[in-house]
Each structure stands twice: as C-alpha cells, then as structure tokens.
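Novice: Mind looking over this structure? Questions follow.
The values are calculated or read from the model by the stated rules, or taken from the named source; none is laboratory data. Here the structure is a predicted model, which means the values were calculated and not measured. Quick reminder, even Gly has a Cβ in these numbers, built from the backbone with ideal geometry, and neighbours come from all protein chains shown. Just so you know, the surface numbers come from the protein's heavy atoms only, side chains and all, with ligands and any DNA or RNA stripped out. Shrake-Rupley method; radii C 1.70, N 1.55, O 1.52, S 1.80 Å.
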Amino acid sequence: MTDTEPSTAKKRAPRAKQTAPTVLEVRNPGTGRIVGTVPIQSADEVAATVRELRLYQPEWEAIGPDGRKEWLLKLQDWLIDNTEHLADVLQSETSKPRADALIDPAFGTDLIGYYARRAAKFLADDHPSPHSPLARVKKLTVAYRPYPVVGVITPWNFPLAMPIMDVIPALAAGAAVLLKPSEVTPLSALELARGWAEIGAPPVLAVATGAGETGAAVVANADYIQFTGSTATGRRIAAACVERMVPYSLELGGKDPAIVLADADIDRAAHGIAFGGMFNAGQVCISVERVYVEAPVYDEFVAKLTENVKALRQGIDERELKHDVGALANENQVRIVQRHVDEAVAAGARVLTGGKATGQGTFFEPTVLVDVNHDMSCVAEETFGPTLPVMKVADEAEAIRLANDSIYGLSASVWTGDKERGERIARQLNAGAVNINDVFANLFSYALPMGGWGLSGVGARWGGAEGVRKYCRKQAITKPMLPTQQKELFWYPYQVPKLLTALGAMRAAGARGLRRIDIPALLKLKGDDK
Ligand code: ADP
C-alpha cells in the first residue's frame, strides 16, 4: 500500500489492545510520516502460500532456463520502465537521497541481465570424467534440480536491491520463491511482486509481510533459506534450519576494516573511504567501519578524510539530486550510533566532525572519530551508521593484526601504490572479500562469491555458476554405455571367479606398484564353485 491509500491501522487501533495487531505501519524515518500499512501474515497464511508455490514450481522448473529467461528479462524491462516510481516508493520508506534510491533499480537491472542470460550455461548438466577405467562403462551426469521453494529473508538497508540479489538467482535456478522483506521497509518488495504479476509471469514469486514471527514461519516451511540480517537472528535461523534439516546461506554482520599504507594515493583513499563509510548513511553490510593508517601519512589522511566527510550534504530529497547522505532506518539505529560515539568520547576519543543526531527525523551527522582503540564499541561492534573511527598504526604488520582482530570477516579494503603488495596483504586478511584501492567493487561483480567469514556468515551469494547452483540439489545419474548383461559381476550369487575379476580390477585401478597385481591375496578367496 502507498500513502495515497487510507491507513487501516488507525481504524483498528482500539481492537489492538485486546488482540495482536494484524497490520504493520511503515514510516518514513526522515519525516516520521506513515507511508503505508501492510498485513502481518500469520504462520498459517505463510504455510498456505508455500503450499500454493509448490503447485506452480514444477512447471517453472520444466520450462527450463531459457523459458525462465524470457520472464526474467520482462521483469528487467518492467524495472527500467518503472524506475522513477520504484525510487519514489523506496525513498518513502527509507528517506534515502534520490541518488541512493536510484541505485536499487539500476543494480537489479544489471543483476537480472547477468543471471537471466547465463543461467542456462550455469545449470547445464556436468559430465565428469569417470575416476577409473572401470567406471568408463557408464555415462556420468550431474543434474542441477532446484529446491522447490526457497525462502528469502531480507533486511531494510536496500529494500529493493536486497530482495533482487537473491530472488532472481533462485528463480533463475527454477525454484519458487517466498520473499519475507524487513518489517521496516516492505513496500519496495511488494512493488517487485506487483511487477512480477503485472508482466503476467507464472505465480512462483510471493511476498510474506510481517516481522520476526512471519520470518520464522518462512523458515518453518521453505526448502532452502537465504537470509541477510543480524548475526543474532542468523543464529536463530540456522538453528531452526538444522532442526528441519534444510540448507541455508547467511549473510550477517560486519565491521569492515580499511588499511591505508604510506605509499597510497591519499586523496583517493580519503575520497574512497568517505564514500565507503557514509554511503547509505553507513547502513551497508560492507561499509568501511574502521580505518588503520600508517603513521607517516596519518595526519594528512585524517585531515583529508575529515574535510570530505564535513562536505557531505545531508537532508531529504524529493526527485531532485540535492543530498549525499540520508536518514538512518529507525530510532533504534540512532541509539546504537549515538552510544558508540558517546562511549568512545567518554573513553578519550575525539570527534573531528559530526558526532550527534541532527534533530530531524533519524538523521545522524556523518562522523569522524580519532584516538580510538579496540576496547571501544565503535571499533569492536557493528555500528551500521555514519561513523569512521580512524587509528594510527606503526606498519603493515600491525595493520593486518588489528584488521584481523574481529569476530567478523565480511570485507576489507587495502589502499596502496603497489597493487602486488595490496594483494599480498589481501591474502593475509580474514575477510570474504578484499578490494584494493576501492570499496564495494566486489558487490558489483556477480562473478565473485559474496560471503562472510567468522560471524559474518555461512555460505555465499553469487559467484557465477554457484549463485544459481546453490539453489539446486545435485542429482547424480549413471547410464550404461555398453549393452548390459543379465547380471553384473558383483551381483548374487557371489562366485569366486567373478569376485576375483571384480575385486582384482578395482585393486588394479586404484593401487600402486606391485600391489596392483597382488593376485596371491585374491587367491586366498575360496568358494564352492572353484
Ligand atoms: P535488522 O532489523 O537489524 O536487520 P534482523 O536480523 O532481526 O535485523 O532482521 C532481518 C530480517 O529477519 C527481517 O526481515 C526480520 O523480520 C527477519 N527476522 C527477524 N527474526 C526472525 C526469525 N526469528 N526468523 C526469521 N526471520 C526473522
């Protein structure tokens, strides 16, 4: 629903005292205005939706990747044709700057193109070489067969792009998808489902709106769970999946380090890290959240970074591009960011710019902190807000040691004039992705896997073929290459000559040296039929 429709929540307010609420109000965090209401779907409703998806999925699988490509490319056209409207909806529920709101549909267009066009190649049967001459009598096939219903549970930071990231590869794989968007930003996800229906695509994509309980119902019914969100919720979901024996992939929290070496282009590093820390008001899983700078360039870097961050324009955009940084998603985020800043300052940190909420909506000033250390929450915990704590390090070794001193390991960046050195350092960092002289580059490379190490996740999204194959069960098929006999050598009844041939051949194929032809050992076999 959009804000042009009447809010049903108000009318139901008196009832809400006795019974659990049946709708969620969606608010623009910059203005506080209610912009829509969505139903809270019950566990029974979610189960019914999954049952319905199961009915349509076999046909979706049967039309194959080329049939599915047609629908995915129609959705891509729809995204392009509706970009302005989608950005409006997205801004209404996030208060993002217009530029940020336009990223989601553009990103979706790019990603759909990649997976729609390549899925046929990625899902083509594999025919592995037999491991031994004995196995050459069979043609070996690995077929990729989708999990019937994939549950995709998403957070609020990219209300359209996050669903698209995982829904599209799952649909391309031939699965039906039940999407559970964040209760904070469900409107863009509903638009995606509207687009799918509007192009007349088969009903294999549904959205379940609601909060944690609705998400738990998705986990209780789907055949595979793709989750992005907090580590605490990810842990609960993993436990529930283990109980049901269904596979899952989790992208969780992060505390991404940036390492700036003395040989770096300091201007580029200061611009890149300002963007990497402040983009989407710092609410990106792979935001730069802590910076380590080699001592000789520390003062210069801090001065340039502070200047760049101070220059950021913050406020509410309509359709014009006026601002760089928008609001935080909700009041809870403001409290977390303020606590991290306040605790740091109380322990001796200095705020070089920013440091407080602006007083309008949930806007928080882009903030640079120095004189910080690993005992402070702003360095140790995920902030998910517009703060950049900067630390001075003696050398590369100290930077690597401190960068690795975290429970998280999502991504990192290294800034250096020597790209080979950058790569050597990358290989010593405990992170699922490392960008050299850049931020977020891995996020726009669907050929690469995006996954977290440590408490940042389990599994990965994308990674070329893996991005669709993860939504498939591998099926091994053997087919005779030669005319078949009435019985195979090893079938009943066991007889010594046949066993000698079968076991001897296995030994000959697998062992080495004289052991390959250790006939005496085989001759110890005795039987009635000698
Ligand atoms: P955040 O709001 O900080 O991103 P969450 O990790 O709690 O944090 O939320 C991410 C998504 O997970 C949301 O869509 C939320 O509704 C959903 N969710 C929350 N709790 C559960 C749960 N127990 N099971 C499944 N999904 C959940």
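Novice: Is it the case, given these coordinates, that residue 136 is over 29 Å from residue 509 (Cβ atoms) and out of contact with any Phe, Trp or Tyr (no Cβ under 8 Å at 6 or more places or on another chain)?
Specialist: Working: over 29 Å from residue 509 (Cβ atoms): no; out of contact with any Phe, Trp or Tyr (no Cβ under 8 Å at 6 or more places or on another chain): yes.
Judged against the criteria, residue 136 is not a match.
Novice: Follow-up question, since we're still on this one. Since residue 206 meets every condition but one in (1) without any contact (Cβ under 8 Å) to a residue 60 or more places away in the chain; (2) more than 10 Å from the ligand (Cβ to nearest atom); (3) open to solvent by 10 Å² or more (accessible area, probe 1.4 Å), which condition does it not meet?
Specialist: (1)
Novice: Sticking with this one: Would you please name the residue that is nearest to the ligand (Cβ to nearest atom), looking only at residues in the stretch 222-243 that are among the β-branched types (Val, Ile, Thr) and open to solvent by less than 30 Å² (accessible area, probe 1.4 Å)?
Specialist: Per the criteria, the residue is 237.
Novice: Sticking with this one: Every residue in the stretch 165-192 that is away from the ligand (no atom under 15 Å from the Cβ) and either without any contact (Cβ under 8 Å) to a residue 60 or more places away in the chain or in contact with a helix residue (DSSP H, G or I) (Cβ under 6 Å, 6 or more places away or on another chain) (or both), please. Full working, then the answer.
Specialist: So in the stretch 165-192, the residues away from the ligand (no atom under 15 Å from the Cβ) come out as 168-176, 191.
Correct list: 168, 169, 172, 173, 174, 176, 191.
Novice: For residue 123, state whether it is within 16 Å of the ligand (Cβ to nearest atom), among the hydrophobic types (A, V, I, L, M, F, W, C) and either in contact with a strand residue (DSSP E or B) (Cβ under 6 Å, 6 or more places away or on another chain) or open to solvent by less than 10 Å² (accessible area, probe 1.4 Å) (or both).
Specialist: Working: within 16 Å of the ligand (Cβ to nearest atom): no; among the hydrophobic types (A, V, I, L, M, F, W, C): yes; either in contact with a strand residue (DSSP E or B) (Cβ under 6 Å, 6 or more places away or on another chain) or open to solvent by less than 10 Å² (accessible area, probe 1.4 Å) (or both): yes.
Here the answer is no, as residue 123 does not meet what is asked.
Novice: Go over the candidates 246, 219 one by one and state the one that is surrounded by fewer than 21 Cβ atoms within 10 Å (Cβ to Cβ) and within 16 Å of the ligand (Cβ to nearest atom).
Specialist: Testing whether each residue is surrounded by fewer than 21 Cβ atoms within 10 Å (Cβ to Cβ) and within 16 Å of the ligand (Cβ to nearest atom) leaves just 246.
Novice: Next up: Could you identify the single residue in 100, 104 that is out of contact with any Leu (no Cβ under 6 Å at 6 or more places or on another chain) and within 30 Å of residue 318 (Cβ to Cβ)?
Specialist: 100
Novice: In the stretch 455-464, is there at least one residue being under 15 Å from the mean Cα position of the chain (by Cα), outside any loop (DSSP other than H, G, I, E, B) and within 15 Å of residue 413 (Cβ to Cβ)?
Specialist: No: zero hits.
Novice: A further question on this structure: Within the stretch 377-421, track down each residue that is free of Cβ contacts under 8 Å to residues at least 12 places away in the same chain and of a type in the set (Gly, Ala, Ser).
Specialist: Hit for the stretch 377-421 is 397, nothing else.
Novice: State which residue is farthest from the chain's Cα centre (by Cα) when the search covers only the stretch 471-515 and only residues that are at pLDDT 85 or above and among the charged types (D, E, K, R).
Specialist: If we take residues in the stretch 471-515 being at pLDDT 85 or above and among the charged types (D, E, K, R), then 498 is farthest from the chain's Cα centre (by Cα).
Novice: Next up: Can you find a residue that is out of contact with any Asp or Glu (no Cβ under 6 Å at 6 or more places or on another chain), without any contact (Cβ under 8 Å) to a residue 60 or more places away in the chain and open to solvent by 60 Å² or more (accessible area, probe 1.4 Å) anywhere in the stretch 468-477?
Specialist: no
Novice: From the list 281, 258, 211, 262, exactly one residue is within 30 Å of residue 436 (Cβ to Cβ), of a type in the set (A, V, I, L, M, F, W, C), touching a strand residue (DSSP E or B) at 6+ places or on another chain (Cβ under 8 Å) and open to solvent by 20 Å² or more (accessible area, probe 1.4 Å). Which is it?
Specialist: Within the list 281, 258, 211, 262, the selection yields 262.
Novice: Right, another one. Looking for whichever is open to solvent by 60 Å² or more (accessible area, probe 1.4 Å), within 30 Å of residue 326 (Cα to Cα), hydrophobic (A, V, I, L, M, F, W, C) and modelled with pLDDT of 95 or more here; the options are 443, 455. Which one fits?
Specialist: Selected residue: 455, the only one of 443, 455 that is open to solvent by 60 Å² or more (accessible area, probe 1.4 Å), within 30 Å of residue 326 (Cα to Cα), hydrophobic (A, V, I, L, M, F, W, C) and modelled with pLDDT of 95 or more.
Novice: Can you confirm whether the stretch 341-351 contains a residue that is under 30 Å from the mean Cα position of the chain (by Cα) and not basic (Lys, Arg)?
Specialist: The initial filter retains those residues of the stretch 341-351 that are under 30 Å from the mean Cα position of the chain (by Cα), namely 341.
Next, only the ones that are not basic (Lys, Arg) stay: 341.
The answer is yes; a qualifying residue exists.
Novice: Here is a further query. Take residue 269 and decide whether it is outside any loop (DSSP other than H, G, I, E, B) and either within 15 Å of the ligand (Cβ to nearest atom) or free of Cβ contacts under 8 Å to residues at least 40 places away in the same chain (or both). Can you show your working first?
Specialist: Details: outside any loop (DSSP other than H, G, I, E, B): yes; either within 15 Å of the ligand (Cβ to nearest atom) or free of Cβ contacts under 8 Å to residues at least 40 places away in the same chain (or both): no.
The answer is no for residue 269.
Novice: List every residue pair whose Cβ atoms sit under 8 Å apart, with the two residues 6 or more apart in sequence or on different chains, where the first one lies in the stretch 232-255 and is closer than 20 Å to residue 165 by Cα and the second, anywhere, is open to solvent by 40 Å² or more (accessible area, probe 1.4 Å) and near the ligand (Cβ under 10 Å from one of its atoms).
Specialist: So the pair list comes out as 233/212; 252/230; 253/230; 253/382; 254/382.
Novice: Let me ask something else. Can you pull out every residue in the stretch 233-266 that is part of a strand (DSSP E or B), farther than 22 Å from residue 467 by Cα and polar (S, T, N, Q)?
Specialist: Result: no residue meets the conditions.
Novice: In the stretch 302-321, which residues are in a helix (DSSP H, G or I) and out of contact with any Phe, Trp or Tyr (no Cβ under 9 Å at 6 or more places or on another chain)?
Specialist: Matches in the stretch 302-321: 302, 303, 304, 305, 306, 307, 309, 310.
Novice: While we're looking at this one, here's another question. Go through the stretch 37-72 residue by residue and tally those that are touching a helix residue (DSSP H, G or I) at 6+ places or on another chain (Cβ under 8 Å), open to solvent by less than 50 Å² (accessible area, probe 1.4 Å) and part of a helix (DSSP H, G or I).
Specialist: 8
Novice: Is there a residue in the stretch 95-104 that is within 16 Å of the ligand (Cβ to nearest atom) and of a type outside the set (Lys, Arg)?
Specialist: Checked against the condition, which is being within 16 Å of the ligand (Cβ to nearest atom) and of a type outside the set (Lys, Arg), the stretch 95-104 yields no hits at all.
Novice: Looking at (1) over 28 Å from the mean Cα position of the chain (by Cα); (2) in a loop (DSSP other than H, G, I, E, B); (3) of a type outside the set (Val, Ile, Thr), can you tell me which one residue 374 breaks?
Specialist: Result: residue 374 passes all but (1).
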